[in-house]
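Read-outs: derived from the displayed coordinates by stated rules, not from any lab. Worth saying up front: this structure is predicted, and the values here are computed from it rather than measured. Counting neighbours? That spans all protein chains shown, and the Cβs are built from the backbone with ideal geometry, glycine included.
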Amino acid sequence: MKLRAHTGSDSKVAHQDVRGGHPLCLLQRPNKQTGQVEDQYLYSVKVPRRLWREIDFGNLDDVDAVAAFERFEMRRSISKTGVFQPVDPLAA
């Protein structure tokens, strides 16, 4: 699925990870209070297999990624200016 996000110029590493069967987006960036580089999760999603299988991956041009992810339990925090804020991953 086509997903785009602004990660900011202070980001060291951005990658997706799966822990406990849940997709996570992990960044390593400086903590604004301490300056120490730390792992920060930008989103965590619980995706039931049944709902994932309903997505037509052969027709992704007609799939709205935002609408598709609204069907799943998701934790994310985005500022009014569109910047992702760190979140705690969902429990397995």
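Applied to region 84-90, the Karplus parametrisation 6.51 cos²θ - 1.76 cosθ + 1.60 on θ = phi - 60° returns per-residue 3J(HN,Hα) values of 5, 10, x, 10, 7, x, 5 Hz, with x for Gly and Pro. Relative to a virtual label point 7 Å from the Cα of Ala91 in the Cα→beta-carbon direction, which members of region 32-50 show backbone nitrogen distances below 17 Å? Residues 44-47 qualify, since their backbone N sits under 17 Å from the label point.
Pairwise Cα separations in region 19-86 fall into 10 Å bins from 0 onward with the following percentages, short to long: 17, 40, 30, 11, 2. Here the peptides 39-48, 25-34 are ranked by packing, the mean other Cβ count within 10 Å, and the order with the highest first is 39-48, 25-34.
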